[in-house]
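The values are calculated or read from the model by the stated rules, or taken from the named source; none is laboratory data. Since the structure is predicted, the reported quantities are computational estimates derived from the model, not experimental observations. Cβ: placed from backbone, ideal geometry, glycine included. Neighbour counts: every protein chain shown.
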């Protein structure tokens, strides 16, 4: 079974209005969300074999922050064509992957990461899918599973939606853990 992870970059900064969109860095809130996401990825054992990352500064900073979560070395490709790519273009990029790559993470931008996830999901965690349909927040990670042996066979409705990890859920989990610890102390 192949795994496709779709990661929307973390919250970016709009402080410097002179920067081109592709050059916007992460905001402080985005860096904090990435750190929390990195911990969640470690807990869930999420470590792709390949990362395809948009050339935007905010996506690259997102990647740099989560990389320590990977339990093994993974290949990384920074690709200009992923910056503002359509859902169809993202799908075509994934379909060109070598079949010996079991898992890939795309780090990119909305609305097309969300569109791609919704296009591919043919079943799975319906409540999670409904949440994704409503909103794909910054620093959120969608996981899909594909039973095909060849990436080129990935198509609309051919993947199972596994989960959606959002910064808000991560924060809520941390608060619950702190509360539980204080009650037992």
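Looking at the range 54-65, can you tell me whether even one residue there is within 14 Å of the chain's Cα centre (by Cα), surrounded by 17 or more Cβ atoms within 10 Å (Cβ to Cβ), modelled with pLDDT of 95 or more and not in a helix (DSSP H, G or I)?
Yes, the range 54-65 contains at least one residue that is within 14 Å of the chain's Cα centre (by Cα), surrounded by 17 or more Cβ atoms within 10 Å (Cβ to Cβ), modelled with pLDDT of 95 or more and not in a helix (DSSP H, G or I).
Any residue at all in the range 40-48 that is surrounded by fewer than 16 Cβ atoms within 10 Å (Cβ to Cβ) and in contact with a strand residue (DSSP E or B) (Cβ under 9 Å, 6 or more places away or on another chain)? Spell out how you get there, then give the answer.
Here is the first cut: in the range 40-48, the residues surrounded by fewer than 16 Cβ atoms within 10 Å (Cβ to Cβ) are 42-45.
Next cut, in contact with a strand residue (DSSP E or B) (Cβ under 9 Å, 6 or more places away or on another chain) only: 44.
So far as the range 40-48 goes, yes, one or more of its residues are surrounded by fewer than 16 Cβ atoms within 10 Å (Cβ to Cβ) and in contact with a strand residue (DSSP E or B) (Cβ under 9 Å, 6 or more places away or on another chain).
Only one of (1) more than 15 Å from the chain's Cα centre (by Cα); (2) surrounded by 18 or more Cβ atoms within 10 Å (Cβ to Cβ); (3) in contact (Cβ under 8 Å) with a residue 40 or more places away in the chain fails for residue 24. Which number is that?
Residue 24 satisfies every listed condition except (3).
Quick one: residue 138 ticks every box in (1) over 20 Å from residue 33 (Cα atoms); (2) in contact with a strand residue (DSSP E or B) (Cβ under 9 Å, 6 or more places away or on another chain) except a single one, so which number is it?
Unmet condition: (1).
Inspect all residues belonging to the range 130-147 and state whether any of them is more than 14 Å from the chain's Cα centre (by Cα), closer than 15 Å to residue 4 by Cβ and either surrounded by fewer than 18 Cβ atoms within 10 Å (Cβ to Cβ) or modelled with pLDDT of 85 or more (or both). Don't jump to the end; show me each part of the working.
Within the range 130-147, the first condition is being more than 14 Å from the chain's Cα centre (by Cα), and the residues that meet it are 130-131, 133-134, 146-147.
When the remaining residues are screened for being closer than 15 Å to residue 4 by Cβ, the result is 146-147.
Still in the list and also either surrounded by fewer than 18 Cβ atoms within 10 Å (Cβ to Cβ) or modelled with pLDDT of 85 or more (or both): 146-147.
Among the residues of the range 130-147, at least one is more than 14 Å from the chain's Cα centre (by Cα), closer than 15 Å to residue 4 by Cβ and either surrounded by fewer than 18 Cβ atoms within 10 Å (Cβ to Cβ) or modelled with pLDDT of 85 or more (or both), which makes the answer yes.
I'd like to know if the range 109-122 contains one or more residues that are touching a residue at least 12 places away in the same chain (Cβ under 8 Å) and farther than 26 Å from residue 58 by Cα.
Yes: the range 109-122 contains one or more residues that are touching a residue at least 12 places away in the same chain (Cβ under 8 Å) and farther than 26 Å from residue 58 by Cα.
Going residue by residue through the range 67-78, is there one that turns out to be buried (at least 16 other Cβ atoms within 10 Å of the Cβ), outside any strand (DSSP E or B) and at pLDDT 95 or above?
There is no residue in the range 67-78 that is buried (at least 16 other Cβ atoms within 10 Å of the Cβ), outside any strand (DSSP E or B) and at pLDDT 95 or above.
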